[in-house]
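Here is the structure we will look at.
The values are calculated or read from the model by the stated rules, or taken from the named source; none is laboratory data. Computed from a predicted model, the values in this text were never measured in an experiment. With ideal geometry, Cβ positions are generated from the backbone for all residues, glycine too; neighbour counts draw on all protein chains shown. Keep in mind that these areas ignore ligands, DNA and RNA; they rest on the heavy atoms of the full protein, side chains included. Shrake-Rupley method; radii C 1.70, N 1.55, O 1.52, S 1.80 Å.
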There are 2 protein chains.
Amino acid sequence: MDRIDADRLLGDLATLRSFGAHGNGVVRTMFSEIDVAAREWLVERMSEAGLEARIDGVGSVYGRSPNPGPAVVLGSHTDTQPEGGWLDGAMGVIHGLEVARALLADPATSHLAVDVASWADEEGTYGGFLGSRSFVGALTDEDFQATNADGESVQQVLDRLGWADRPRAELDPARHVAALESHIEQGPHLEHQGLRIGAVTAIVGIRGYEVVFSGQQNHAGTTPMDLRKDAAMAMFHFCSALDDRLRAAAGERSVWTVGQVSVEPGAPSIVPGRATIAIQFRDADDTVLDRMASVVEALVAERHSPDGVHVEITDRRRPLAPAPMESGVVAHVSAAAEAIAPGAWTHMPSAAGHDAQVLAPHLPTGMIFIPSINGVSHDFAEDSDHADIVLGAEVLADAVVRILS
Amino acid sequence: MDRIDADRLLGDLATLRSFGAHGNGVVRTMFSEIDVAAREWLVERMSEAGLEARIDGVGSVYGRSPNPGPAVVLGSHTDTQPEGGWLDGAMGVIHGLEVARALLADPATSHLAVDVASWADEEGTYGGFLGSRSFVGALTDEDFQATNADGESVQQVLDRLGWADRPRAELDPARHVAALESHIEQGPHLEHQGLRIGAVTAIVGIRGYEVVFSGQQNHAGTTPMDLRKDAAMAMFHFCSALDDRLRAAAGERSVWTVGQVSVEPGAPSIVPGRATIAIQFRDADDTVLDRMASVVEALVAERHSPDGVHVEITDRRRPLAPAPMESGVVAHVSAAAEAIAPGAWTHMPSAAGHDAQVLAPHLPTGMIFIPSINGVSHDFAEDSDHADIVLGAEVLADAVVRILS
């Protein structure tokens, strides 16, 4: 398989990395000056590759193949976290560019239609997944009012950039037959198993809760233990029990996290009157998520105490349903992986969210993972082996050919 | 017993309250403009009462009886918390003024020597207990470098006020035979038991620890449970176990608090890499404090894990030893309480710190408590029944007469 030009692929990735480079990592948050410059560069590279490329009305870069359908949509995102890695999203976009370019240049495949996208705001600088949600027709007026940390709304920034009246890329059921996103794993599984390719079977769903413990702030010396309504102590026992019970209820790949904790007023000599925690858990199976949710709800119900510390779920985050990848697409990805990296690939779920989960309910979708060194992501230290980056592009190209043949 | 002039006592307390009044409460932090004005007013009232009064070289107001010893020192403090109550400290000072005044005016007791103090900085706007520590000769040069939240040192403010070169009130073993401090309880015990006077037997000691949990910050989706080093989860289990074990090791009146908690970086989607807590516990018995300290140290040693989350005590606060009140003084206070409020008093420890604990190792010392409404203190809502305030002064006067007779 010599469709992929490794030097060209890695060269384009290096150039994209130079937009916002920060040590080993990248700072290129959505709609920042450097992000806009990177989008304009990407439009040029796509055009050179023979795609009809433009930045659309929500900021996505979309390169349409000049060929008629059936078409496959490749891509990911070029925006980053505030302290982002150089491959998270970027690799999938440049993989798409390289595969479209390589297939167009090869007389044997030049008739195949491959569109390439860099979906806007995957990292949620604004509302999150703006580009892929726009593509499937899921954006509402409200989404354009979402603001970044500086308080500028999507609508305001689009007006300022002069992009607001541009048409937006749209899913065309008559043309698009599948979507594929390649991405770094962002976890340790492939590396730990000594494998090089993951054929993603599903993207995990996420449930989130905010739980508040309301007690009575008081003097830490003069308030006897039996008269205390200590919000922090109630929270410690709750979280300890929650961890034990979730361990029993969870699936093999489930994860759960209490990542945000605040205790008020927060002084060594004051019995805390209020504590707030954010609970989050993920699994690829909605049945498991339901079971874990029952654990949270039951524990809150048990501990709810009008006389002592009052425990209450104050926010249930909009649940993100697990997104199974389409079995036909997964089969093509698996066949491509076995052809190109025999015995060095596995089926696996994705533990992180991706544009693919937005697309999956609307067209047959799949994902390809390559290993992350030490499983690190959302961090300047994020990295992958160059050989794995090239291998991922080869598997992606082969999967596209299989899907369109 | 009609030694105490209730109207004069309550009138002086109301005037003192007007310095820094804030709703029901008072804002009169040490060395603030309003605190200095209150000290100058207090010098005038003491002088009118026949005491030789002055502000001394560390900011304490000291009114010396014109009579030769043996003398009793009465008093407390007139500085307040940033959001203080109107009685915390203030009552004990005005009680002292009223008792000295009443005894001097009564031919039967006009020969008794009663000194009265408002000790500087009890509330720790600077280093804490500056006045009483100066009185017993425990201040060091370092104490004069302690700063308030604005960064001004004790030395700087004394220079600015022109008080730096004044002599400081000093304990005189040839003259002083006892110290008595009357105070609101700041807790709920007297009120709950329907009692009006507490004869304090000891002031609790305090131990404090800062404990840090160091794990590994990571992606809350892609990091499997068995590879996590979740600092927050380790902290929850630690605190839950700590509460259970301290309950078993503690005495009947022991209290323990985890009042300060910080979890970093503190985002719902990030496995916390670091958690920090402040543990504090109090008891009147050093043996009990030692037992509780062993629980903390043992739990840290057990959980200390170089492979997982690393648990470490990063700070042991300077322990405050329990201060037993002198048995002879306690006996006189008890006799006075029984004489004036028969059956309506009890022996009890003080769960909060007071100037009396600084004085206690140096001369026979006692404390008298009156009930706090709802046990509230260090809060604008702090209050006590006026009849209890007057009763407390009557018990104090009677105790002084008993000690000096």
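Figures for the structure shown
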item	result
Residue in the range A:247-254 that is at the interface with chain B (Cβ under 8 Å from one of its Cβ atoms), surrounded by fewer than 17 Cβ atoms within 10 Å (Cβ to Cβ), at pLDDT below 95 and not in a strand (DSSP E or B) present	no
Close pairs (6 angstrom Cβ cut-off, 6 or more residues apart or separate chains): within 20 Å of residue A:304 (Cβ to Cβ) and touching a residue at least 40 places away in the same chain (Cβ under 8 Å) in the range A:237-263, of a type in the set (Lys, Arg) and surrounded by 19 or more Cβ atoms within 10 Å (Cβ to Cβ) anywhere	A:238/A:303
Top-ranked residue of the range B:216-229 - restricted to ones that are more than 7 Å from every other protein chain (Cβ to nearest Cβ) and more than 18 Å from residue A:252 (Cβ to Cβ), ranked as modelled with the highest pLDDT	B:229
Those residues of the range B:358-405 which are among the polar types (S, T, N, Q) and open to solvent by 20 Å² or more (accessible area, probe 1.4 Å), in sequence order	B:374, B:405
Filter result (part of a loop (DSSP other than H, G, I, E, B), open to solvent by less than 10 Å² (accessible area, probe 1.4 Å) and aliphatic (A, V, I, L, M)) within the range B:80-111	B:87
Residues being within 12 Å of residue B:264 (Cβ to Cβ) and outside any strand (DSSP E or B) - total across the range B:214-227	2
Some residue of the range B:291-309 being among the aliphatic types (A, V, I, L, M), within 8 Å of chain A (Cβ to nearest Cβ) and more than 30 Å from residue A:184 (Cα to Cα)	no
Qualifying residue in the range B:197-205 (condition: within 28 Å of residue B:87 (Cβ to Cβ), hydroxyl-bearing (Ser, Thr, Tyr), part of a strand (DSSP E or B) and open to solvent by less than 10 Å² (accessible area, probe 1.4 Å))	no
Set A:290, A:355: member being farther than 19 Å from residue A:243 by Cα, charged (D, E, K, R) and either in contact with a Lys or Arg (Cβ under 8 Å, 6 or more places away or on another chain) or at pLDDT 95 or above (or both)	A:355
Hits in the range B:179-189 (condition: closer than 14 Å to residue B:377 by Cα and of a type outside the set (Asp, Glu))	B:183, B:184, B:186, B:187, B:188, B:189
Every pair of residues 6+ apart whose Cβ atoms lie under 8 Å, when the first sits in the range A:1-22 and is of a type in the set (Asp, Glu) while the second is surrounded by 14 or more Cβ atoms within 10 Å (Cβ to Cβ)	A:5/A:98; A:5/A:102; A:12/A:45; A:12/A:94; A:12/A:97; A:12/A:98
Residues being within 23 Å of residue A:74 (Cβ to Cβ) and assigned to a helix (DSSP H, G or I) - total across the range A:18-61	15
Filtered residues of the range A:231-246 (kept if open to solvent by less than 20 Å² (accessible area, probe 1.4 Å), in contact with a Ser or Thr (Cβ under 7 Å, 6 or more places away or on another chain) and within 8 Å of chain B (Cβ to nearest Cβ))	A:236, A:240
Members of the range A:12-31 found to be open to solvent by 30 Å² or more (accessible area, probe 1.4 Å) and either among the small types (Gly, Ala, Ser) or within 16 Å of residue A:88 (Cβ to Cβ) (or both), listed by number	A:14, A:17, A:18, A:19, A:21, A:22, A:23, A:24, A:27, A:29
Residues located in the range A:159-190, provided they are away from chain B (no Cβ under 14 Å), surrounded by 22 or more Cβ atoms within 10 Å (Cβ to Cβ) and within 30 Å of residue B:222 (Cα to Cα)	A:178, A:179, A:180, A:181, A:182
Residue tally, condition touching a residue at least 40 places away in the same chain (Cβ under 8 Å) and either open to solvent by less than 30 Å² (accessible area, probe 1.4 Å) or charged (D, E, K, R) (or both), over the range A:121-133	8
Filter result for residue A:211 (under 26 Å from residue B:218 (Cβ atoms), more than 7 Å from chain B (Cβ to nearest Cβ) and in a helix (DSSP H, G or I))	no
The range B:255-279, subset within 7 Å of another protein chain (Cβ to nearest Cβ) and over 24 Å from residue A:222 (Cα atoms), residue farthest from the chain's Cα centre (by Cα)	B:269
Test: residue in the range A:134-149 that is open to solvent by less than 10 Å² (accessible area, probe 1.4 Å) and either within 14 Å of another protein chain (Cβ to nearest Cβ) or among the aliphatic types (A, V, I, L, M) (or both)	no
In the range A:212-258, the residues that are in contact with a Cys (Cβ under 9 Å, 6 or more places away or on another chain) and among the β-branched types (Val, Ile, Thr)	A:258
Pair list, Cβ < 6 Å and 6+ apart or interchain, from the range A:216-228 residues that are open to solvent by 20 Å² or more (accessible area, probe 1.4 Å) to residues that are modelled with pLDDT under 90	A:219/B:377; A:219/B:378
Hey, residue A:326 at pLDDT 95 or above, within 24 Å of residue A:187 (Cα to Cα) and open to solvent by 60 Å² or more (accessible area, probe 1.4 Å) or not	yes
Number of the condition not met by residue A:114 [criteria: (1) assigned to a helix (DSSP H, G or I); (2) farther than 16 Å from residue A:16 by Cβ]	(1)
Hits in the range A:298-327 (condition: over 16 Å from residue A:211 (Cα atoms) and free of Cβ contacts under 8 Å to residues at least 60 places away in the same chain)	A:307, A:327
Matching residues, the range A:341-354, being within 14 Å of another protein chain (Cβ to nearest Cβ) and assigned to a strand (DSSP E or B)	A:348, A:349, A:350
Filtered residues of the range A:106-135 (kept if over 19 Å from residue A:173 (Cα atoms) and among the charged types (D, E, K, R))	A:106, A:121, A:122, A:123
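Every residue, every condition in (1) open to solvent by less than 30 Å² (accessible area, probe 1.4 Å); (2) assigned to a strand (DSSP E or B); (3) touching a Cys at 6+ places or on another chain (Cβ under 9 Å); (4) over 30 Å from residue B:230 (Cβ atoms), yes or no:
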{"site": "B:260", "(1), (2), (3), (4)": "no, yes, no, no"}
{"site": "B:276", "(1), (2), (3), (4)": "yes, yes, no, no"}
{"site": "B:281", "(1), (2), (3), (4)": "yes, yes, no, no"}
{"site": "B:300", "(1), (2), (3), (4)": "yes, no, no, no"}
{"site": "B:305", "(1), (2), (3), (4)": "no, no, no, no"}
{"site": "B:332", "(1), (2), (3), (4)": "no, no, no, yes"}
{"site": "B:339", "(1), (2), (3), (4)": "no, no, no, yes"}
{"site": "B:356", "(1), (2), (3), (4)": "yes, no, no, yes"}
